[in-house]
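Below is one structure, written out as structure tokens; comments come after it.
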Amino acid sequence: MELKVNGEAKSVSADPLSISDLLKLFKVEMPDMVSVQLNGTFVDRPTFGVTLIKDKDEIDFLYYMGGGQ
Amino acid sequence: MLRIKHQVVDALFEQAQKDAPLEACGYLAEKNGVVELHLPLKNIDASKTHFSLDPEEQFKAFRVIRSREMRLKAVYHSHPASPALPSPEDIRLAFDPFLSYVIVSLDKECSVKSFRIKAGAATEEAIEIV
């Protein structure tokens, strides 16, 4: 599959490929702490494992950012 | 090493002072190894001692950075009344090991420091203001 991940073109051979699979592939160590958009739409975290990615999809993921005292 | 334009540093202090006593926050983007852009983002905690970025704003900012052919380099936040050192909570919640974590302090002497945080350990990195 040809994908765009965080704005960069990526070729991925795994098929089917879920959001969870993709995060593992990109070595995201804390998948529970990332937000994901698939083609510009937020994906609910509980559905990462069952949301499948298709050829030409655009996936963006960003870590939660916060802090405090 | 964090190389950052002096105009960006000035803008960080301006935002921190404007938002005080609440914590200010946002992203920093670099081009050719120099931070040239700061993107102020909303602190959805609206707190004097805590910050969280709004995920929707994070993605919008990320796309602005990409559209300018820049790279996300750091997340920053202010400490309105404490030193520019990461708190245990700052360290616990620093999940992205590839970013720098910049803290702008308005406490006594205004200061800005940058840290790399990985596996629960924060290491200060040098800042070069250009």
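Computed from the coordinates by the stated procedures, all read-outs in this text should not be read as laboratory data. Model, not experiment: these values are computed from the prediction. Using ideal geometry, Cβ is built from the backbone for each residue, glycine included, and neighbour counts are taken over all protein chains shown.
Looking at region B:85-123, which of its residues are of a type in the set (A, V, I, L, M), within 12 Å of chain A (Cβ to nearest Cβ) and out of contact with any Pro (no Cβ under 9 Å at 6 or more places or on another chain)? Listed by number, the residues that qualify are B:L85, B:I91, B:L93, B:L99, B:V102.
Considering only residues that are closer than 15 Å to A:V12 by Cβ and over 10 Å from the mean Cα position of the chain (by Cα), which ones fall in region A:23-50? Hit for region A:23-50 is A:K27, nothing else. Considering region A:13-69, and only residues there that are among the acidic types (D, E) and touching a helix residue (DSSP H, G or I) at 6+ places or on another chain (Cβ under 8 Å), the residue that is farthest from the other protein chains (Cβ to nearest Cβ) turns out to be A:D32. For region B:72-84, a residue qualifies if it is surrounded by fewer than 18 Cβ atoms within 10 Å (Cβ to Cβ) and either more than 10 Å from chain A (Cβ to nearest Cβ) or hydrophobic (A, V, I, L, M, F, W, C) (or both), and the qualifying residues are B:A81, B:P83.
Residues that are among the small types (G, A, S), under 20 Å from A:F61 (Cα atoms) and in a strand (DSSP E or B) within region B:72-94 comprise just one, B:A74.
Examine region A:18-39 for a residue that is out of contact with any Lys or Arg (no Cβ under 8 Å at 6 or more places or on another chain) and either touching a residue at least 40 places away in the same chain (Cβ under 8 Å) or farther than 28 Å from B:S52 by Cα (or both), and state whether such a residue exists. Yes, some residue in region A:18-39 is out of contact with any Lys or Arg (no Cβ under 8 Å at 6 or more places or on another chain) and either touching a residue at least 40 places away in the same chain (Cβ under 8 Å) or farther than 28 Å from B:S52 by Cα (or both). I'm checking my understanding of the structure. Among residues of region B:20-38 that are under 19 Å from B:P80 (Cα atoms) and surrounded by fewer than 18 Cβ atoms within 10 Å (Cβ to Cβ), which one is nearest to the chain's Cα centre (by Cα)? Looking at residues that are under 19 Å from B:P80 (Cα atoms) and surrounded by fewer than 18 Cβ atoms within 10 Å (Cβ to Cβ), I get B:A20.
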